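**Student:** Below: one structure in structure tokens.
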Amino acid sequence: MKMQIGGKAVEACSHEFSDIINPATGELIDRVPRGTEEDAEMAVEAAWSAFSDWASTSPQQRAGILYRAAGIVRERKDELAVLLTREQGKPLTEAKNEIEGFANVLEYYCGLASSFHGGFIPIHQSGYAFTVKKPLGVCSAIIPWNMPALIMAWKISPALITGNTLVLKPASSTPLTNLTLSSILSEAGLPAGVLNIVTGPGEVVGESLIKNRKVKRISFTGETGTGKRVAELAASGMKKVTLELGGSDPMLVCDDANLEAAVAGALRGRFYNCGQTCTAVKRLFVFESVADEFIKKLEAGIRNLRVGNGLHENVDMGPLNNRRQWEYIKELVAEVEEKEEGRIVTGGRVPEGGDYSKGYFFGPTLVVDVSEESRLLNEEVFGPVLPVVRVKDLDEAIEKANNTCYGLGASIWTKNIDRARIGCERLNAGIIWLNQHLKVAPEVPFGGTRDSGIGKENGPDALSEYLELKTVMLKT
Ligand code: NDP
């Protein structure tokens, strides 16, 4: 597939390509251009040229195009889901949910098309003022490989509906679904240059987009370390940024929790998308009094998870997305064994037999009684490994849960309203779930605190991130 710049499918100036590999089979799926700084600049110029016309269309006209695109995406859902599974690895049912999610987010922002406008402010002493809201201009979005379609929607929908133009850089291992979704937007009537996709390495294409003077805003999702680099570069150009970064979400299971529901929540919360979700359950704290029973049920649930190629039927968990991630997870678990930092109850290795040897598979893993110094509790574990720690009460659970640099999500499982309230008040997180984990919705603001990022996506407030507020004062 080729990049999309100014409404055309183009090759990179370097004439070089990158291979896109199926993580379940190791097979080559396609090749994409290895974009350069020059390509990034061309894309910004295309977005710059398209801005004025796009900004002068009405929000309702823009919504019409995005609605049409959402409709085509729904019609082509099955085909898009297969493509997503092939490049990302997730089971087909999860891929279908994600494609559906892309269409839902687009439609949600279409529904807000008439909602953003300035206001009238009477001034007590003399006269009045009013505010107007204008699009910013060219924006840039840089996205990761774990949920490429959904995160694309979170970024392009508020940007486009408010009249901005955009250059998006997909992750190097998952650009195909993004390119196909972008061509669907063109088919739906999005004018040339309004949305441009440049493939290529983050350090080259990503940094070039951030440094470009014509880019007014950066919306980045990825690792905390990369996010800090993005923030540094953006600060020197005085650009607005949203940073959706890593997390190490705690799940707190109290002794009065519905244990069956908590086990189901932990299974989905940790192993959905092979554990590669920013808000996955990455540390689990359970009250000592119910820990043995809970761990037994959890072990049984994990042993029932079926690992395999996401394209095959009856698969609950696919491979990790890429070799770097796979090596990292293997190394972490080997270190736990070597340093005796916890007891591996199930999993802990690459599954044997079948076609597992061809892909980046790792068995769903449960590690209990994990020691405090283990990397499992101190780094973002982006894979199918669940560390469990026993705690005596809620105070200890909250203290340990907050002992991290991250602050993305957290969940508390209890039937006791006071415990739920205390958890909501004291847990350091941008989003807190009660008796559930992982659920997100286009209507609900999403984003972390501390090293998990800056700013919010989703919900009506995300629109303001893409609008400049101008104040006009009139003397009477
Ligand atoms: P990375 O930070 O490695 O990459 C994210 C994107 O940034 C990719 O497109 C990458 O390009 C690009 N990039 C890499 N280096 C630079 C740079 N110097 N300047 C600009 N762009 C750059 O993250 P991953 O792709 O590994 O994604 C996983 C991470 O994303 C996890 O930490 C996860 O928690 C986080 N995440 C956070 C979410 C949130 O909402 N808070 C949601 C989903 C994921 P390339 O692929 O070419 O390297």
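**Student:** Report, to the nearest 10°, how far helix 77-88 tilts away from the longest principal axis of the Cα atoms in the chain, using its own Cα long axis and a range of 0 to 90°.
**Tutor:** Roughly 60 degrees between the two axes.
**Student:** Further question on the same structure: Name the residue farthest towards the positive end of the dipole of the chain from the options Ala441, Ala397, Trp54, assuming +1 on Cβ of Lys and Arg, -1 on Cβ of Asp and Glu, about the Cα centre.
**Tutor:** Ranked along the dipole, the leading option is Trp54.
**Student:** Next question. In whole Hz, what ³J(HN,Hα) sequence does the stretch 200-206 give by Karplus (6.51, -1.76, 1.60; θ = phi - 60°), x for Gly and Pro?
**Tutor:** Computed from phi, the couplings for the stretch 200-206 are x, x, x, 5, 9, 5, x Hz.
**Student:** If each residue of separation counts as 0.36 nm, what is the full-extension length gain between Asn258 and Glu27 once their alpha-carbon separation is subtracted?
**Tutor:** 78.8 nm
**Student:** Continuing with this model, one more query. Taking 1 over the mean of 1/r across every pair of different Cα atoms in the chain, what Kirkwood radius in Å do you get?
**Tutor:** About 23.2 Å for the chain.
**Student:** With +1 on the Cβ of every Lys and Arg and -1 on the Cβ of every Asp and Glu, and nothing else charged, how large is the dipole of the chain about its Cα centre, in debye rounded to the nearest 20?
**Tutor:** 1560
**Student:** Obtain the radius of gyration and the Kirkwood radius of the stretch 250-434 from its C-alpha atoms and give Rg over Rh.
**Tutor:** With Rg and the Kirkwood Rh in hand, the quotient comes to 0.96.
**Student:** Quick check: with the 1.4 Å probe, what order do Met42, Met317 take by accessible area, largest first?
**Tutor:** From most accessible down to least: Met42, Met317.
**Student:** Tell me, what % of the accessible area of the stretch 250-434 is carbon and sulfur with a 1.4 angstrom probe?
**Tutor:** 45
**Student:** List the residues whose amide H sits under 5 Å from the amide H of Trp433, counting only those 5 or more places along or on another chain, with H placed 1.01 Å from N in the peptide plane.
**Tutor:** Close amide H contacts, sequence-distant or interchain: Ala410, Ser411, Ile412.
**Student:** Name the shape class, rounded, prolate or oblate, that the alpha-carbon gyration tensor gives for the stretch 1-129, where a ≥ b ≥ c are the square roots of its eigenvalues, rounded holds for a/c under 1.5, and otherwise prolate holds if a/b is larger than b/c and oblate otherwise.
**Tutor:** Oblate, since a/c reaches 1.5 and b/c is not below a/b.
**Student:** Distance check, please: which entries in Lys216/Lys475; Lys296/Lys400; Lys2/Lys470 exceed 29 angstrom between their Cα atoms?
**Tutor:** Lys216/Lys475; Lys2/Lys470
**Student:** Step through the residues of the stretch 227-236 one at a time and calculate ³J(HN,Hα) from phi using the Karplus curve (6.51 cos²θ - 1.76 cosθ + 1.60, θ = phi - 60°), rounding each to whole Hz and writing x for Gly and Pro.
**Tutor:** Residue by residue, the stretch 227-236 yields x, 5, 5, 4, 4, 4, 5, 5, 4, 5 Hz.
**Student:** Counting Lys and Arg as +1 and Asp and Glu as -1, each charge on the Cβ, what is the dipole of the stretch 250-434 about the Cα centre in debye, to the nearest 20?
**Tutor:** So the dipole magnitude of the stretch 250-434 works out to roughly 580 debye.
**Student:** Hey, another quick one. Can you tell me the 0 to 90 degree angle between the C-alpha axis of helix 288-303 and the longest principal axis of the chain, rounded to 10?
**Tutor:** 70
**Student:** Rg and Dmax of the stretch 184-242, using alpha carbons, in Å: what are they?
**Tutor:** For the stretch 184-242, the Cα radius of gyration and maximum Cα-Cα distance read 13.1, 38 Å.
**Student:** Then there's this: Could you grab the Rg to Rh ratio for the stretch 330-450? Cα atoms only, Kirkwood for Rh.
**Tutor:** Looking at the stretch 330-450, the ratio lands at 1.02.
**Student:** Here's something else I'd like to know. Around Phe17, which amide H atoms from residues at least 5 apart in sequence, or from another chain, sit under 5 Å from its own amide H, with H modelled in the peptide plane?
**Tutor:** Close amide H contacts, sequence-distant or interchain: Arg34.
**Student:** Here's something else I'd like to know. With N denoting the number of residues in the stretch 71-117, provide Rg(C-alpha) divided by 2.2 N^0.38 Å, to two decimal places.
**Tutor:** 1.37
**Student:** Using modelled backbone amide H atoms (1.01 Å from N, in-plane), which distant-in-sequence or interchain residues come within less than 5 Å of Met3's amide H?
**Tutor:** Correct list: Val10.
**Student:** Right, next: Considering every pair of different Cα atoms, what Kirkwood radius, in Å, is found for the stretch 228-360?
**Tutor:** For the stretch 228-360, the Kirkwood estimate is 17.4 Å.
**Student:** Give me the accessible area per residue for the stretch 250-434, probe 1.4 Å, as a whole number in Å².
**Tutor:** Ligands and nucleic acids excluded, the figure is 42 Å² per residue.
**Student:** Follow-up. If you fit an axis through the alpha-carbon atoms of helix 417-426 and take the longest principal axis of the Cα set of the chain, what angle between them do you get, 0 to 90°, nearest 10?
**Tutor:** 60
**Student:** Compute, for Lys214, the solvent-accessible surface of its heavy atoms (probe 1.4 Å) with the complete set of protein chains present, and express it in square angstrom to the nearest 10.
**Tutor:** 60
The values are calculated or read from the model by the stated rules, or taken from the named source; none is laboratory data. Note that the structure is predicted; figures quoted are calculated from it, not measured. Ideal geometry is used to build each Cβ from the backbone, glycine not excepted, and the neighbour counts take in all protein chains shown. What goes into the accessible areas is simple: the full protein's heavy atoms, side chains included, and nothing from ligands, DNA or RNA. Shrake-Rupley method; radii C 1.70, N 1.55, O 1.52, S 1.80 Å.
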